[in-house]
Amino acid sequence: MKKIIFTALIIISGFIVLESFGTKGLGKKDGTEPGYTGSPGDSLKNCTACHGGKAYNEIGWIKSNIPSSGYVPGTSYRIEAIGYGVTHNRFGFLVSPQAINGNLLGTLELIDTVKTKLVGNNKYITYTAKGVDGIDSLAWYFNWIAPAAGTGDVVFYGGFNSNQDGHKGGDITHLSTLRVKETGTASVYNLNNNFNQVIVYPNPVTDILNINFELNKSTASKIEILDLSGKQVAVIADENLTGMVSKQINTTEFKSGIYFVKIQSENETITKKIIVVH
């Protein structure tokens, strides 16, 4: 009898352990912490900080009904964030419309309070525990109220992650952006036919300069760093680039002062001024 009772206690204890650790371990997380969209304002942090691996840049994962002519200040628009992952059935996301310094631009509003929620003082929108299940892809929807007149371009930065059954071993992280302009203004990142956006940061820079730009078609490109005399101090040349491009240049050997970042693609050139400080 004592042996039977002892065996029963072991079995019951085993169920308790599974309930406490196994179920919890495979449970669905209720959203992402704020500050992991991959934006310059988030210090480029993204889902890989927790999930590991590398982040892949994607185009078109954030969509809107904002017309090509631009947003009207104070108007509400519908935004769609959609994550993809072939054979994956768990998805998550974090999106925030920000200025280059990380300030929130406009107002986020929930459409689906079951599958999405706001975090970080309403600066970010993310998924809930009931908004992670999908097959090969999953979409989330929300509203965005455009900011005041004179704000200019707004960038929606998004971090996406997907896996199979909650196992981190197969996690894949993707980053995507959506840039919208204010109606009646010329987007500062749409002045050329091939370049869609160009972001150079931080500025001033001490050690590592990040250069991000998007190309509308496949082409060769060259990035030059020039000093005030026009002398080339660094160069990166690539063939057949397209989509989102991210490059880094080490400026630790540069003398403190003013430099120019010259980005060339076919017959188009964009120049940005930077300051190196040591």
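Is it the case that Trp144 is more than 28 Å from Thr87 (Cα to Cα), buried (at least 17 other Cβ atoms within 10 Å of the Cβ) and of a type in the set (Phe, Trp, Tyr)? Taking the combined requirement at face value, the residue satisfies it. Do we have any residue at all in the range 24-37 that's assigned to a strand (DSSP E or B) and within 29 Å of Ala149 (Cβ to Cβ)? No, the range 24-37 has no match at all.
Got a number for residues in the range 66-109 being surrounded by fewer than 19 Cβ atoms within 10 Å (Cβ to Cβ) and within 17 Å of Val155 (Cβ to Cβ)? Write out each step before concluding.
Taking the range 66-109 and keeping what is surrounded by fewer than 19 Cβ atoms within 10 Å (Cβ to Cβ), we get 67-69, 72-78, 80, 84, 86-87, 89, 99-104, 107, 109.
Restricting the remaining residues to those that are within 17 Å of Val155 (Cβ to Cβ) gives 68, 73, 77, 80, 99-104, 107.
The qualifying residues number 11.
Out of the range 38-65, which residues are surrounded by 20 or more Cβ atoms within 10 Å (Cβ to Cβ) and assigned to a loop (DSSP other than H, G, I, E, B)? Correct list: Gly38, Ser39, Asn46, Cys47, Trp61.
Those strands (runs of 3 or more DSSP E) of the range 116-227 in which 1 or more residues are at pLDDT 95 or above and touching a Lys or Arg at 6+ places or on another chain (Cβ under 7 Å) occupy 124-127, 137-145.
The values are calculated or read from the model by the stated rules, or taken from the named source; none is laboratory data. Predicted model, so just to flag it, every value in this text is computed and none were measured. Because the Cβ atoms are built from the backbone with ideal geometry, glycine has one as well, and the counts that use them run over all protein chains shown.
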